[in-house]
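S.K.: Following this message is one structure expressed as structure tokens.
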Amino acid sequence: MYLKYLTLSNFKNIEQADLDCSPVLNCFVGNNGEGKTNLLDGIYYLSMCRSKFVSSDSINIRNSEDYFLLKGKYVRMNESLDEDCASCGVKRSGRKSFKYNSKEYRKLSDHIGVVPLVFITPSDNAMITDGSEERRKFLNTLISQTDKVYLDSLLRYNNVLMNRNKHLKNSRNIPVDLSLMETMNHHLNHYGSIVYEKRREMVETLLPLFRQIYSAIANNKEEIDIAYRSDLDQNDLTTLLDRNFERDRILQYTSTGIHRDDLLLEIDGRSLKNSGSQGQQKTFIIAMKIAQFSIIKNNTGLSPILLLDDIFDKLDVERVERLISFVTGNGFGQIFLTDSNKNRLDRLLQKNSTDYKLFSVEAGNVKLIQSS
Ligand SMILES: Nc1ncnc2c1ncn2[C@@H]1O[C@H](COP(=O)(O)OP(=O)(O)OP(=O)(O)O)[C@@H](O)[C@H]1O
Ligand SMILES: [Mg+2]
């Protein structure tokens, strides 16, 4: 499946853009702040029903406008080359409408995985520098796109967790309803165990692929490892919730469960955050994301759309070349990439004899300037 036509209206700094895309490689070139990442975020929106960068929808509406509208026409790679259309409109009032083939979804989560996508951006560095939530997001984005039961269990778990925390907060004024607590613990245990098992299995599947991709990009230089850590490694969640009940009551939140899961990222036996160079950290994240790509492809049979934002930053020329020849090789689908340096893109396009389109981006205006 690939994105054939993309239309953006009033999305961030883009007043209007209509793109006829290459099925293989699309490059956006422009100076800082011109709208390259915004374009990628528009493509991300049409797959994930939200921005990669901001949680409020209306912030993405172009300043002083009332709405934004995104439309994507996708070609399915079946024999008849059927076209599917996704559209997302958001009004200042907060009203959001997401349609696929003109039909509005009952729940937005039903769309996740329909147009699979992997986004590699400099902000992924938060997976290394920030708290465990960023690493859980990586697992969630990966598994949700291939497994409806996972996404459903996770959403239900989060919902019960929110209610349990509310109840614990209120317990300062009203005594804890023990039978309600027991019911909530039961649900947390049920949905939490499903999420735990699926995360554990996914990290096992991911690790060999990740190592193989890392060594292809880094040319076999470093020893790398990813380990999944969860409170549930030691005990089932019912036992943990019972054991920690008094503590939760004092803290007024749920202090144990899969909402505290983490991934340990290591390079040469040490923490990636403390010991990895910037280029090694970037290679690590890219390899995690490309492994994510391979797993989604293996599990769904669809090649995700790959968004590569500022991919050249911090990587040496050799790593960039190995990465690009890797992702433009067999088995990959459509790629969108951004760069602020046109000469560098020209060199890359000369080296790779793939179908491509090169667009310039200037103050939110997008123009086709070159194609194969
Ligand atoms: N809602 C909005 N309305 C108007 N402009 C916006 C809105 N949201 C973001 N912008 C503008 O979009 C610009 C950022 O665009 P973007 O991040 O796509 O730049 P870029 O081309 O990727 O730059 P860089 O090379 O630095 O990464 C900023 O100038 C910002 O002010
Ligand atoms: Mg950018």
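The values are calculated or read from the model by the stated rules, or taken from the named source; none is laboratory data. Just so you know, these numbers come straight off a predicted model, no measurement behind them. Cβ: placed from backbone, ideal geometry, glycine included. Neighbour counts: every protein chain shown.
S.K.: Among the residues in region 127-139, are any of a type in the set (Phe, Trp, Tyr), more than 16 Å from ligand 1 (Cβ to nearest atom), out of contact with any Gly (no Cβ under 7 Å at 6 or more places or on another chain) and assigned by TED's automatic domain parsing to the domain that holds Phe332? Before the answer, list the steps.
M.R.: Kept after step one, since they are of a type in the set (Phe, Trp, Tyr), are these residues of region 127-139: 138.
If we keep only those that are more than 16 Å from ligand 1 (Cβ to nearest atom) as well, we get 138.
Next, only the ones that are out of contact with any Gly (no Cβ under 7 Å at 6 or more places or on another chain) stay: 138.
If we keep only those that are assigned by TED's automatic domain parsing to the domain that holds Phe332 as well, we get none.
Checked region 127-139: no residue is of a type in the set (Phe, Trp, Tyr), more than 16 Å from ligand 1 (Cβ to nearest atom), out of contact with any Gly (no Cβ under 7 Å at 6 or more places or on another chain) and assigned by TED's automatic domain parsing to the domain that holds Phe332.
S.K.: Picking from Leu306, Leu323, which residue would you name as being in a strand (DSSP E or B), surrounded by 20 or more Cβ atoms within 10 Å (Cβ to Cβ) and more than 16 Å from ligand 1 (Cβ to nearest atom)?
M.R.: Working: Leu323 fails: in a strand (DSSP E or B).
Only one candidate qualifies: Leu306.
S.K.: Here's a follow-up. Among the residues of region 31-71 satisfying the criterion of being small (Gly, Ala, Ser), on the phi > 0 side of the Ramachandran plot and surrounded by fewer than 23 Cβ atoms within 10 Å (Cβ to Cβ), which is farthest from ligand 2 (Cβ to nearest atom)?
M.R.: Applying the first criterion (small (Gly, Ala, Ser)) to region 31-71 yields 33, 35, 42, 47, 51, 55-56, 58, 64.
Remaining after also requiring on the phi > 0 side of the Ramachandran plot: 33, 35, 64.
Next, only the ones that are surrounded by fewer than 23 Cβ atoms within 10 Å (Cβ to Cβ) stay: 33, 64.
Working: Gly33: 8, Ser64: 23 Å.
Ranking the qualifying residues of region 31-71, first place goes to Ser64.
S.K.: Another question about this same structure. Can you find a residue that is over 23 Å from Pro208 (Cα atoms), among the small types (Gly, Ala, Ser) and in contact with a helix residue (DSSP H, G or I) (Cβ under 9 Å, 6 or more places away or on another chain) anywhere in region 330-345?
M.R.: Just the residues of region 330-345 that are over 23 Å from Pro208 (Cα atoms), to begin with: 334-345.
Okay, now just the ones that are also among the small types (Gly, Ala, Ser), so 340.
Then drop every residue that is not in contact with a helix residue (DSSP H, G or I) (Cβ under 9 Å, 6 or more places away or on another chain), which leaves 340.
The answer is yes; a qualifying residue exists.
S.K.: Looking at Leu348 and the list (1) within 16 Å of ligand 2 (Cβ to nearest atom); (2) surrounded by 14 or more Cβ atoms within 10 Å (Cβ to Cβ), which single condition is not satisfied?
M.R.: Leu348 satisfies all of (1) within 16 Å of ligand 2 (Cβ to nearest atom); (2) surrounded by 14 or more Cβ atoms within 10 Å (Cβ to Cβ) except (1).
S.K.: If you don't mind, another one. Report whether or not Val160 is in contact with a His (Cβ under 7 Å, 6 or more places away or on another chain), part of a helix (DSSP H, G or I), closer than 20 Å to Glu197 by Cα and of a type outside the set (Ser, Thr, Tyr). Step through it out loud before you land on a result.
M.R.: Working: in contact with a His (Cβ under 7 Å, 6 or more places away or on another chain): yes; part of a helix (DSSP H, G or I): yes; closer than 20 Å to Glu197 by Cα: yes; of a type outside the set (Ser, Thr, Tyr): yes.
In short, yes.
S.K.: Among the listed residues Val90, Val114, identify the single one that is over 27 Å from Leu188 (Cβ atoms), among the aliphatic types (A, V, I, L, M) and at pLDDT 95 or above.
M.R.: On the way: Val114 fails: at pLDDT 95 or above.
On inspection, the qualifying residue turns out to be Val90.
S.K.: Here is a follow-up. If only one of Asn158, Asn165, Asn185 is closer than 25 Å to Val203 by Cα and in contact (Cβ under 8 Å) with a residue 12 or more places away in the chain, which one is it?
M.R.: Details: Asn165 fails: closer than 25 Å to Val203 by Cα; Asn185 fails: closer than 25 Å to Val203 by Cα.
Checking each option against the conditions leaves just Asn158.
S.K.: Right, here's the next one. Keeping to region 250-274, report how many residues are assigned to a helix (DSSP H, G or I) and exposed (fewer than 14 other Cβ atoms within 10 Å of the Cβ).
M.R.: Taking region 250-274 and keeping what is assigned to a helix (DSSP H, G or I), we get 250-251, 258-260, 272-274.
When the remaining residues are screened for being exposed (fewer than 14 other Cβ atoms within 10 Å of the Cβ), the result is 250-251, 274.
Number of matching residues: 3.
S.K.: Among the residues of region 206-233, which ones are outside any helix (DSSP H, G or I), under 20 Å from Leu142 (Cβ atoms) and not β-branched (Val, Ile, Thr)?
M.R.: Asp225, Ala227, Tyr228, Arg229, Ser230
S.K.: Does Ser123 satisfy the condition of being modelled with pLDDT under 95 and of a type in the set (Gly, Ala, Ser)?
M.R.: Considered against the rule, which asks whether it is modelled with pLDDT under 95 and of a type in the set (Gly, Ala, Ser), Ser123 comes out as yes.
S.K.: Is region 30-48 home to any residue that is under 28 Å from Lys351 (Cα atoms), outside any helix (DSSP H, G or I), out of contact with any Asp or Glu (no Cβ under 6 Å at 6 or more places or on another chain) and polar (S, T, N, Q)?
M.R.: yes
S.K.: For Tyr100, only one of the following conditions fails: (1) within 16 Å of ligand 2 (Cβ to nearest atom); (2) surrounded by fewer than 22 Cβ atoms within 10 Å (Cβ to Cβ); (3) more than 18 Å from Ser9 (Cβ to Cβ); (4) not charged (D, E, K, R). What is its number?
M.R.: (1)
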